[in-house]
Every structure is written in structure tokens, then in C-alpha cells.
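A quick write-up on the structure given underneath.
The values are calculated or read from the model by the stated rules, or taken from the named source; none is laboratory data. On a predicted model such as this, the values are computed, not experimentally measured, just so you know. Cβ: placed from backbone, ideal geometry, glycine included. Neighbour counts: every protein chain shown.
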Amino acid sequence: MRLHLAAILILCIEHVTKAVAQGMPISPCPKVFQYRFDGSEWFGLMAVRSPDGHQPLHIRVTLSMRGKPTTNYLGEIELLTRGKFTHNAPVLYKIRFPKHHFPPKLLLMSANNHVICFGSGEHSIFMTQIQLEHIRKLSFIPDKKSSLLLDPEEEEEVRKTDDKPPSTPHIQFKKYASGF
């Protein structure tokens, strides 16, 4: 019985070692960026401090992966924190990666052109660099669930803006890819 447990343990350790050796990235800045797996795909979780509520928040993430993407989907940055942003409060983002066996490595993460995190890229004959951007503009509409956190005056303002269609989009996504 002990022999079977030892064999299983050795196989598990060998499997994990192979996965790490094949390029499972480790976050260069685990306090602000973490790799996560939800059972079907890898993604990144990012926490950034919000600037003054009257400033836009421009997030830029540069990723590096071996080879070239197998689809046209290059990933995106999704805002997870909803509602009213307060100065210096953490804002959470989900970084969706291109469909690939392993997640890309984080090269650079910046907010409003200030570098938050810097990592090293992939070392390969052919490498793809992907840049994702997300801009949260000044005019921010809170979602209905978090409107319970607003003052009565702010709540009335939200109701007024809900009746009018927005003239411009409040969130923009930009995607860039280049092969080396």
C-alpha cells in the first residue's frame, strides 16, 4: 500500500515539474497581478489603485507568448469593480488571454503611464507580444446593484442618465499584436 502511495506521489511531482518546466508563468508582481485557472481557461487578476475620481484610468498590459496566436482573439481587459470609485481604492480587472496551452507572460503593466509591474519575456525563436488597453473615462455610470451605495442625490442623477442613451461609449478596448 505504501508503495502505491509513493508511486502516486512521485507521478504527481513529476507532472507538476513538467508543467512548470513547460512555461507556466509566475507573476513578477504577485501583490498586483496573479495568474488564475477556472477549470477551463487561464486568466489574470489585476488590482490597481484608483486615481482621483475625476481622472480617467488608462490601463495598459503587455504580454509575451511563444509562437503565434492560433486564433484572431488576442485577449481583453475586463473591469470587475463596479459602482463609484473612490480615491486610492483598489480597482479589480480580469485579463483574458488568447486561447493557448499556457498563459502568456506578463511583460509590463501600467496605469496612467506609470509602470506598476515589469517582468521578463519569453525566450524563443518566434515570440508574439500582445498589448491590451482599457480606458475608464470620466463619465462613469454605476451598475444598478451598486447604486445602493450612492447618496440619494447621486442616485437621482443616475436615474436621469439611465433614461438618456449615452452619446459615446464609456469603455474602450484596444488590441495590438506583433510577432518577432
Q: Just name the residue that is surrounded by the fewest Cβ atoms within 10 Å (Cβ to Cβ) out of those in segment 60-71 that are assigned to a strand (DSSP E or B) and in contact with a Lys or Arg (Cβ under 8 Å, 6 or more places away or on another chain).
A: Ser64
**Q.** Total residues in segment 74-102, condition touching a His at 6+ places or on another chain (Cβ under 6 Å) and within 15 Å of Asp38 (Cα to Cα)
**A.** 0
Q: Go through Ile130, Ile116, Ile95 for me and flag whichever is among the hydrophobic types (A, V, I, L, M, F, W, C), crowded, with 16+ Cβ neighbours inside 10 Å and under 16 Å from Lys68 (Cβ atoms).
A: Ile130
Q: All but one of (1) at positive phi; (2) outside any loop (DSSP other than H, G, I, E, B) hold for Ile77, so report the exception by its number.
A: (1)
Q: Just name the residue that is surrounded by the fewest Cβ atoms within 10 Å (Cβ to Cβ) out of those in segment 72-84 that are over 12 Å from the mean Cα position of the chain (by Cα), touching a residue at least 40 places away in the same chain (Cβ under 8 Å) and closer than 22 Å to Leu132 by Cα.
A: Arg82
(Q) Pairs please, first residue from segment 28-39 and part of a loop (DSSP other than H, G, I, E, B), second anywhere and surrounded by 14 or more Cβ atoms within 10 Å (Cβ to Cβ) and not hydrophobic (A, V, I, L, M, F, W, C), Cβ atoms under 8 Å, 6+ apart in sequence or on different chains. (A) Pro28/Gly119; Cys29/Gly119
Q | Residue that is farthest from Ile116 (Cα to Cα) [pool: residues in segment 35-52 that are in contact with a His (Cβ under 9 Å, 6 or more places away or on another chain) and surrounded by fewer than 16 Cβ atoms within 10 Å (Cβ to Cβ)] | A | Asp52
Q. Here is a list of conditions, (1) modelled with pLDDT under 80; (2) touching a strand residue (DSSP E or B) at 6+ places or on another chain (Cβ under 6 Å), and Gly75 meets all of them except one; can you say which number that is?
A. (1)
Q. In segment 85-126, which residue that is free of Cβ contacts under 8 Å to residues at least 24 places away in the same chain and in a strand (DSSP E or B) is farthest from the chain's Cα centre (by Cα)?
A. His114
Q: Give just the number: which of (1) within 19 Å of Pro28 (Cβ to Cβ); (2) surrounded by fewer than 16 Cβ atoms within 10 Å (Cβ to Cβ); (3) of a type outside the set (Gly, Ala, Ser) does Gln55 not satisfy?
A: (1)
